[in-house]
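Colleague: Shown below is the structure under consideration.
The values are calculated or read from the model by the stated rules, or taken from the named source; none is laboratory data. Note that this is a predicted model, so its numbers are computed, not measured. Quick reminder, even Gly has a Cβ in these numbers, built from the backbone with ideal geometry, and neighbours come from all protein chains shown. The accessibility values were calculated without ligands, DNA or RNA, using every heavy atom of the protein model including side chains. Shrake-Rupley method; radii C 1.70, N 1.55, O 1.52, S 1.80 Å.
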Amino acid sequence: AEKVQRLTVEDLSVHYGGVCAVSSIGFTVEPGESVGIIGANGAGKTSTLKALMGLVPRSSGRIRLGDRDLTGVKARDMVRHGIGYVPEGRHVFPGLSVEKNLLLGAYSRPWDKETDRQLDEIYALFPVLREMRERLAGALSGGQQQMLAIGRALMTRPRLLVLDEPSMGLSPKLVGSILDVLLRLREDGLSLLLVEQNAKLTFGATNHCVVMENGEVAMSGTSAELSHDPRVREVYLGL
Ligand code: ATP
């Protein structure tokens, strides 16, 4: 397995027409570290992740993973550089089986022993997906679809996993399951970058957080210290 490397984002900006959604922000994700991006609705969190992945045009910005410059890399090629992405709203293929959805995550490689091993790993992480492997993804519950979306991103064997609001629409119990999974992935040495509205999941799964306000980084610090900060509490309580 390739080594996990530092992600460096510098001077990242996103404009939609005349509207500035992200204004020259910068942050790093150290190898094996888990970083959260928090902030009120419209603060620019999703745009930051999409711009990182190359899914929306950047008006400025440099992206590096280790000493590799990924600034010009197209969205579909990001996975080959070790960045996995779980978009907001899951986006599984409802008319395909659970297993076919997972295999789509491995599309860039020929099917080999490694693919089977990878599937086994994901089924070990999400036993419910193994039980439902032949079911259509569209027949799964919201929580199961979220697990499938995470599993599919893991099929790309990322070294950094980027997740946009994995808790959306899930019951507290299922949020707990997602937290358990993220903690296991961290133990395995994966780096995580997480946008999340759920305070318990954010502060439970990350060791460092960036607080966004109006497209800018308003604060950053350890998750432990930020979880006690009155301004951060306001962001969450204000939701
Ligand atoms: P949320 O939690 O609601 O998703 P967010 O922090 O992720 O919020 P973004 O979705 O990145 O914020 O939005 C940042 C700003 O950009 C907002 O003012 C939003 O209205 C605007 N915006 C987002 N997407 C578009 C778009 N496609 N076209 C125009 N404006 C957009």
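Colleague: In whole angstrom, how far apart do the alpha carbon centroids of segment 200-229 and segment 77-139 sit?
Modeller: The two parts, judged by their Cα centres, are 30 Å apart.
Colleague: May I pose another question? Considering the convex hull of the alpha carbon atoms of segment 18-170, report its projected area averaged over all viewing directions, in nm², one decimal. Each step should come with its number before you reach the end.
Modeller: Details: hull surface 40.6 nm².
Result: a mean projected hull area of 10.2 nm².
Colleague: Extension gain Y16-R233, at 0.36 nm per residue separation less the Cα-Cα distance, in nm? Write down the numbers at each step before the final one.
Modeller: Numbers: separation 217, 0.36 × 217 = 78.12 nm, distance 2.91 nm.
So the chain would gain 75.2 nm between Y16 and R233.
Colleague: May I pose another question? Return a whole-number percent for the relative contact order of the chain, with Cα pairs under 8 Å and 6 or more residues apart as the contact set.
Modeller: On the way: 450 pairs, mean separation 68.8, N = 239.
Across the chain, relative contact order equals 29 percent.
Colleague: Against the longest principal axis of the chain, how steep is helix 172-187, in degrees 0 to 90 to the nearest 10, with axes from Cα atoms?
Modeller: Rounded to the nearest ten degrees, it is 90.
Colleague: What accessible area, in Å² to the nearest ten, does a 1.4 Å probe give for T222?
Modeller: Spelled out: T222, probe radius 1.4 Å, area about 60 Å².
Colleague: In vacuum, with every alpha carbon of segment 108-212 counted as one equal point scatterer, what does the Debye formula give for log10 I(q)/I(0) at q = 0.18 Å⁻¹? Two decimals, please.
Modeller: Per q value, in the given order, log10 I(q)/I(0) is -0.91.
Colleague: Let me spell out the model: positive unit charges on the Cβ of Lys and Arg, negative unit charges on the Cβ of Asp and Glu, origin at the Cα centre of segment 22-69. What dipole size does that give, in debye rounded to 20?
Modeller: On the way: 6 positive and 4 negative charges, 47 e Å.
Roughly 220 debye for segment 22-69.
Colleague: Now a separate question. Got the relative contact order for segment 3-124 handy, in percent, Cα pairs under 8 Å and 6 or more residues apart?
Modeller: Values: 132 pairs, mean separation 27.3, N = 122.
Relative contact order of segment 3-124: 22 percent.
Colleague: Same structure, new question: Out of the GluC sites (Glu not before Pro) in segment 90-179, which ones are loop residues according to DSSP with at most 10 other C-beta atoms within 10 Å? Please report the intermediate quantities before stating the final value.
Modeller: Details: sites: E99, E114, E121, E131, E134; in loops: E134.
Loop-located and lightly packed - E134.
Colleague: Non-local amide H neighbours of S59 (under 5 Å, H modeled in plane, Pro and chain starts lacking H): which ones?
Modeller: Placed amide hydrogens put S13, V14, H15 under 5 Å from S59.
Colleague: On the Cα set of segment 93-153, report Rg and Dmax in Å, please.
Modeller: Answer for segment 93-153, Rg first and Dmax second: 10.6, 31 Å.
Colleague: Here's a follow-up. Once neighbouring chains are kept in place and the probe is 1.4 Å, which whole percent of the accessible area of segment 1-48 is contributed by carbon and sulfur?
Modeller: Numbers: 1000 of 2040 Å².
Whole-percent figure for carbon plus sulfur exposure: 49.
Colleague: Tell me, what is the per residue accessible area of segment 93-175 in Å², probe radius 1.4 Å?
Modeller: Numbers: 3860 Å² over 83 residues.
Accessible area per residue: 47 Å².
Colleague: Mean separation of Cα pairs under 8 Å and 6+ residues apart, divided by the residue count of segment 131-239: what relative contact order is that in percent? Let's see the in-between values first.
Modeller: Working: 91 pairs, mean separation 20.6, N = 109.
Once divided by the residue count of segment 131-239, the mean separation gives 19 percent.
Colleague: Related question: On the accessible surface of segment 192-239, probed at 1.4 Å, how many percent belong to carbon and sulfur atoms? Intermediate results must be reported in sequence, preceding the final value.
Modeller: Numbers: 1150 of 2270 Å².
Answer for segment 192-239 is 51 percent, counting heavy atoms of protein chains only.
Colleague: Would you mind estimating how fast segment 40-87 diffuses translationally, via Stokes-Einstein at 4 °C and 1.567 mPa s with the Kirkwood radius over Cα pairs, in µm²/s?
Modeller: Rounded, D is 114 µm²/s.
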